[in-house]
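Presented below is the structure to which this report refers.
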Amino acid sequence: MTETSAVSRMKAFRDQLSRRVLVADGAMGTMLYDKGIFINRCYDELNLSSPDIIRQIHLDYVKARAEILETNTFGGNRMRLAAFGLTEKLGAINRAGVKIARDAARDAAYVAGAVGPLGTNIEPLGPTSFDEARSIFREQVEHLVEAGADLLILETFFNLDELREAVFAAREVAGPEMVIVAQVTIDDFGNLRGGADTETFTRRLDEWPVDVIGANCSAGPKVMLDTIEKMMRYSQKPMSAMPNAGQPQRVEGRHIYLCSPEYMSQYARRFLWAGVKIVGGCCGTTPDHIKLVRSEVRVPARSEAGCGQVRVLRRDLAAARCGRLQRDRRRGALQSARHRLHQRSRRPAGQRPHELAGHLPAYPAGSRHRGRQSLLLP
């Protein structure tokens, strides 16, 4: 691919992102596992030893009408490849990942260079320095960009310091034209494993030179939807959502993802109404999932101004809904407290709370419940 065509595709993707919703592909790793490739293999190396398997998975997603194909390079950095003795093949693995995806995509989809975490702790929790981490990310991104990736997706990060180094390494290499998507993975409460809550990591992502922010992997679509709606309070950047097909369950020695394509498509509809601009899938999702997700994205392309107005409206609606929920909770707590005060005011003088029939029970001395009877106000 010539430099001119690569730049034109970058610009075309940025233009499409500003005008409409784009659908990304689903899982690669779990698809390979389902094909009988054990997890003790280096999946990234399959770009060299079994390119036809990788190409077929990409083609299946193209048939499902995915518009973004992620390269099979999630673990294609020096630290992860070293565990398999494949450091010297780093460049070949990443370049082959882009080529295979490009062969499958043709003109039907964009190719996103996938970049995952290093797989080791960085300072102050580990031996890898910030500078070393940035250098390792830069090395991988250079090969992805040189091979002709249309955009970059930094995904499944749970350490903000590590993600920061990946972001700045990617921007230094890719320049200002390429779209960079930065995604974190969250727990059941919308927080990072390192402890950062939704507001904290969203504000950090909003400050960094990335074009799209969001989440992938994690606990499934429900938790991710709640978290994305919270993120929209703290950032005006476009959002992406690529959830797992729920939490895996161990069935007869195998891990099975139980979220059906129909279930995922229902949440895809809710992601769209929330204002998400890139929607796709992660672990456990298949071309069948993406096909139904794609069927939800039927709205014709709109003007950039129109999209902006719709996005603002959806964010306002989400904020209003959250505000109403908090108001209802406060109102309910106040009414409950007033009721308890009213009941207390009706007691005969000298009568203790537990002596009122039909009200609070009498707890024995030393009970861990004793003393709660006096908590009349929150």
- Debye, to nearest 20: dipole size of segment 3-301, +1 on Lys, Arg Cβ, -1 on Asp, Glu Cβ: 820 debye
- Message: Relative contact order for segment 30-90: what percent, with Cα pairs under 8 Å and sequence separation of 6 or more?
- Response: 29 percent
- Along Cα→Cβ, 7 Å out, is where each label goes; now give me the distance between the ones at R138 and R78 in nm to one decimal. 1.1 nm
- Mind checking which lysines have their C-alpha under 30 Å from K230, skipping anything on the same chain fewer than 8 residues away? K11, K222, K277, K291
- Label-point separation (nm) for R20 and A108, each offset 7 Å from Cα along Cα-to-Cβ? 1.6 nm
- Computed E for T200/N121 - FRET, C-beta separation, R0 25 angstrom, nearest 0.05: 0.80
- Item | Convex hull of Cα atoms in segment 34-178, direction-averaged projection (nm²) | 8.7 nm²
- Message: If each residue of separation counts as 0.36 nm, what is the full-extension length gain between Q236 and E146 once their alpha-carbon separation is subtracted?
- Response: 29.3 nm
- Query: Is any residue of segment 121-145 close enough, with backbone N under 13 Å, to a label point placed 7 angstrom from the Cα of D161 along the Cα-Cβ axis, and if so, which?
  - Reply: 121-134
- Message: If packing is taken as the average count of other Cβ atoms within 10 Å, what order do 268-278, 28-38 fall into, highest mean first?
- Response: 268-278, 28-38
- If you stretched the chain out fully between R65 and I39, how much longer would it get, using 0.36 nm times the residue separation minus the C-alpha to C-alpha distance? 6.6 nm
- Length gained, K222-A12, 0.36 nm per residue minus C-alpha separation, equals 72.4 nm
- Set Lys and Arg Cβ to +1 and Asp and Glu Cβ to -1, take the dipole of segment 109-234 about its Cα centre, and tell me which of P209, L154, M232 lies farthest positive. M232
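Since every read-out is calculated from the coordinates, none of them should be taken as a lab result. These numbers were taken from a predicted model, which means no experiment stands behind them. Here the Cβ is made from the backbone with ideal geometry for all residues, glycine too, and neighbour counts use every protein chain on show.
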